[in-house]
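S.K.: Before I ask anything, here is the structure I am working with.
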Number of protein chains: 6
Amino acid sequence: MEGLEEFNEFRTKMNKRILDSGHMGVKRFWALDDRAYISNHLDEKTLELLGLATSMVLRCDDCVTYHIIRCIQLGFTDDELYDALNVALIVGGSITIPHIRRAFETIDKCRNKQKTDPQLKSLL
Amino acid sequence: MEGLEEFNEFRTKMNKRILDSGHMGVKRFWALDDRAYISNHLDEKTLELLGLATSMVLRCDDCVTYHIIRCIQLGFTDDELYDALNVALIVGGSITIPHIRRAFETIDKCRNKQKTDPQLKSLL
Amino acid sequence: MEGLEEFNEFRTKMNKRILDSGHMGVKRFWALDDRAYISNHLDEKTLELLGLATSMVLRCDDCVTYHIIRCIQLGFTDDELYDALNVALIVGGSITIPHIRRAFETIDKCRNKQKTDPQLKSLL
Amino acid sequence: MEGLEEFNEFRTKMNKRILDSGHMGVKRFWALDDRAYISNHLDEKTLELLGLATSMVLRCDDCVTYHIIRCIQLGFTDDELYDALNVALIVGGSITIPHIRRAFETIDKCRNKQKTDPQLKSLL
Amino acid sequence: MEGLEEFNEFRTKMNKRILDSGHMGVKRFWALDDRAYISNHLDEKTLELLGLATSMVLRCDDCVTYHIIRCIQLGFTDDELYDALNVALIVGGSITIPHIRRAFETIDKCRNKQKTDPQLKSLL
Amino acid sequence: MEGLEEFNEFRTKMNKRILDSGHMGVKRFWALDDRAYISNHLDEKTLELLGLATSMVLRCDDCVTYHIIRCIQLGFTDDELYDALNVALIVGGSITIPHIRRAFETIDKCRNKQKTDPQLKSLL
């Protein structure tokens, strides 16, 4: 599994590449996606947790990595993240287990990174 | 689309039928499923909302109906449910739209039923 | 399987209900979805066919019904639709077969409706 | 849920309709699909059970109904079918539960039909 | 992400390995798969684009890479590919975004390779 | 593709990490998952093969690798595994092909490892 920095670097580079393509539909989708996680009637933390759990049941490792970083930036504890991942495990079944393993590893990497970058400001 | 009562009746009848089959694996899964939505490090409302959003991206109408009823029993407002469904719509794409339509109809049916049964006690 | 008119009526009613909810995210998604099928570098017919094939591999009957109606409004022949459904069948496998059956029935219903409404103007 | 006879009638009618369409790709897929369940290095019963479990994790009710009928024609007991459905439930998660409910109902309908048609010869 | 050459090499090696296994069902599926993209009532370019869009909504990176190479061999422009990917993004939602990123990178790799191999003859 | 040893090492390490997290729901799911493949009314070999085929149609490479190792430990021949993978290929479609390629490679790696470790005792 690649490191958090490699994940972030590729994500940033390709987002720029995609938005520079000039396709209006894609550009608007990116904006709409960002907006879905901004506090509205539900607060930002709850919205982000929904992003994490839905990404897990759809088994997208990159999406899970992104939402774990965001959830930790927003102050979720490990135990809270485990509760959310547990719902995803029950809903999605054992087919999510390899992704659950990688999610736990990502949580550990984030906690390790917080020793030198407490807010994970260098990511995303 | 069937009514809330028909949904509830079939669900209750078949759950009994399945648990009466005597299969220990299935029985334990049912218990584990119930337990995943009981307050732990995350509160009950957040866990239920995770159930709703994950069910929507996996496009299971019956699961969505169940979690909408539960969410309304727990006191979520329509606007809060729309926020959660909006995350699911962005994550899961337009393929969720027919299920979003049925989810809105289910919300309306629940609100209508609350006129005579405010806690939706006759359901689930 | 419900008729084309029932499909259309429920779709129209619930779209109005959803857009009247006032949720900006959902409203913008609906607009973005419409726009994705308007001629750009690819023409409208090709875009619509992509909508049909992607809906089939994701096995969404309502989405398939919608795109079949649109494809027929745009002038596709049955043989062309079969070619597109065949790609979806190969890509998505035998699990799509029940949806393929319903898609063929929908094509037949549309052709039958064209006897009195050649442009399917009463639908969508 | 429709009855076994209605399921069978629609399936038979639309299979004929599809094969009569003259599309060679679709026709060959249908033949290849039939062949995958004929005894080879694995026996017919095992192959059919694989069809049932894969259909369940992909959550296709019609496919599940078809394979339950076939499995019962081949002599599987209820307890054996529950074991297979239990694997699918663990692998696929709680999102399969509504389909598990309908599968148990289908098993019961088949057992009931066997009182007058022990080999389920009138189906498929 | 591996290079186009590594992708092609592994694909070629394993296709040979699989076809040499002597399993008739698998062999016939491979043939049927090839045939689905040969001009029939729809032309080859449209069929290939259907392959690309369906692969994207099902989120299979290798399948997307294959169809991008084929689409570029058949003469699609970048803007046309973006339109097709945009439909897949809308249909499939933000869960496709990591795959969209890798698809754009694959397009760039193909364009770069075309500087020395304009028809991408060394691939597939 | 990583080797069998790397797969096994990461799996073992992260399973320990996850079970050490102290989350009861996750811990019970792990136990229930193990139990689903223990002989009951169906024998262990059949249950394991169901695990393989369901993992393939859901396209989880790690799950497929795990079940191939287990199936080979239980004595399945290559031809029997090909029959099971062929059902998964038909049910799941060409989107499974990249996973089928990796499954064949995993079978070959297991057979190679059996030269020095006939029971694959060093794995799982």
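S.K.: What does the buried accessible surface come to for D and C, summed over both chains, with the probe at 1.4 Å? Round to 100 Å². Provide the component values of the computation, followed by the final result.
M.R.: Details: alone 7960 and 7980 Å², together 14200 Å².
Using a 1.4 Å probe on protein heavy atoms, the buried area is about 1700 Å².
S.K.: Here's something else I'd like to know. Rounding to the nearest 10 and keeping the result within 0 to 90°, find how far the Cα-based axis of helix B:78-92 lies from the longest principal axis of chain B.
M.R.: The two axes meet at around 80 degrees.
S.K.: Identify the residue of chain D whose Cβ lies closest to the rotation axis that maps chain D onto chain E, and give that distance in whole Å.
M.R.: D:L32, 3
S.K.: With the Cα gyration tensor of chain B in hand, give its eigenvalues times 5 under a square root as the equivalent ellipsoid semi-axes, listed largest first in whole angstrom. Can you show the working numbers first?
M.R.: On the way: eigenvalues 106, 64, 49 Å².
Listed largest to smallest, the semi-axes of chain B are 23, 18, 16 Å.
S.K.: For the protein assembly as shown, with every protein chain kept in place, what is the accessible area per residue (1.4 Å probe, Å²)?
M.R.: 38 Å²
S.K.: Taking only Cα atoms, what is the 0 to 90° angle, nearest 10, from helix D:61-73's long axis to the longest principal axis of chain D?
M.R.: Between the helix axis and the principal axis of chain D, the angle is about 80 degrees.
S.K.: Given the -39500 (n - 2.57) contribution per DSSP H run of 4+ residues, what per-residue ellipticity at 222 nm results for the protein assembly as shown, rounded to the nearest 500 deg cm²/dmol? Write down the numbers at each step before the final one.
M.R.: Working: 36 runs with 522 residues, N = 744.
Roughly -23000 deg cm²/dmol at 222 nm, from the helical runs in the protein assembly as shown.
S.K.: At 7 angstrom along the Cα-to-beta-carbon line, where would the label on A:A31 sit relative to the other copies? Give the distances in nm, shortest first.
M.R.: Listed shortest first, these distances are 0.9, 5.3, 5.3, 5.3, 5.4 nm.
S.K.: Let me ask something else. Ignoring trypsin sites (Lys or Arg not before Pro) that are buried or in helix or strand per DSSP, and keeping those with at most 11 other beta carbon atoms within 10 Å, what is the longest stretch of chain D between them?
M.R.: D:1-114
S.K.: Shape of the range E:1-68 from its Cα gyration tensor (a ≥ b ≥ c, root eigenvalues): rounded if a/c is under 1.5, otherwise prolate when a/b > b/c, or oblate? Walk me through the numbers on the way to the answer.
M.R.: On the way: a/c = 2.09, a/b = 1.13, b/c = 1.85.
Because a/c hits 1.5 or more and a/b fails to exceed b/c, the range E:1-68 counts as oblate.
S.K.: Please compute the average number of Cβ atoms from other chains found within 10 Å of each residue's Cβ in peptide D:110-119.
M.R.: 0
S.K.: To continue, here is another question. Just how far, in whole angstrom, is the range C:66-112 from the range E:63-124 if you go by their alpha carbon centroids?
M.R.: So the separation of the two Cα centres works out to 26 Å.
S.K.: Let me make sure I get this right: for the protein assembly as shown, a, b and c are the square roots of the gyration tensor eigenvalues over alpha carbons, sorted descending. Under 1.5 in a/c it's rounded, otherwise prolate if a/b > b/c, else oblate. Which is it?
M.R.: Rounded is the answer for the protein assembly as shown, as its axis ratio a/c remains below 1.5.
S.K.: Exceeding 28 Å between C-alpha atoms, which entries from my cross-link table qualify? They are F:K45/F:K121; B:K27/F:K16; C:K115/D:K121; A:K13/E:K45. Walk me through the numbers before you get to the answer.
M.R.: Details: F:K45/F:K121 17 Å; B:K27/F:K16 26 Å; C:K115/D:K121 40 Å; A:K13/E:K45 30 Å.
C:K115/D:K121; A:K13/E:K45, as the Cα separations exceed 28 Å there.
S.K.: Do any cysteines of chain A lack a neighbour Cys whose Cβ is under 4.7 Å away, and which are they?
M.R.: Within chain A, the cysteines lacking a partner Cβ under 4.7 Å are A:C71, A:C110.
S.K.: Mind running the shape call on the range A:56-124? Use the C-alpha gyration tensor, a ≥ b ≥ c as the square roots of the eigenvalues: rounded below 1.5 for a/c, prolate if a/b tops b/c, oblate otherwise.
M.R.: It comes out prolate by the Cα gyration axes.
S.K.: May I pose another question? In whole angstrom, how far apart do the alpha carbon centroids of the range F:37-55 and the range C:8-42 sit?
M.R.: Rounded to whole Å, the Cα centres lie 45 Å apart.
S.K.: If the label for F:E9 sits 7 angstrom from Cα along the Cα-to-Cβ line, what are its distances to the same label in every other copy, in nm to one decimal, shortest first?
M.R.: For F:E9, the inter-copy label distances come out at 2.3, 2.3, 6.1, 6.3, 6.6 nm.
S.K.: Further question: Return the carbon/sulfur percentage of the accessible area of chain B, one whole number, probe 1.4 Å, all protein chains in place.
M.R.: Result for chain B: 49 percent of the exposed heavy-atom area is carbon or sulfur.
S.K.: Then there is this: Relative to the first principal axis of the alpha-carbon coordinates of chain F, what is the inclination of helix F:44-57, with its axis defined by its Cα atoms, in degrees from 0 to 90 and to the nearest 10?
M.R.: With rounding to tens, the tilt is 80 degrees.
S.K.: Run through the other copies and list how far each one's label point is from that of C:T116, in nm with one decimal, shortest first; the point sits 7 Å from Cα along Cα-Cβ.
M.R.: Distances between equivalent label points, in nm: 3.7, 3.7, 6.7, 7.5, 7.7.
The values are calculated or read from the model by the stated rules, or taken from the named source; none is laboratory data. As the structure is a computational prediction, the values presented were derived from the model and not from experiment. So basically every Cβ, Gly included, is an ideal-geometry build from the backbone, and we count neighbours across all protein chains shown. Accessible surface areas use protein heavy atoms only, side chains included; no ligands, DNA or RNA. Shrake-Rupley method; radii C 1.70, N 1.55, O 1.52, S 1.80 Å.
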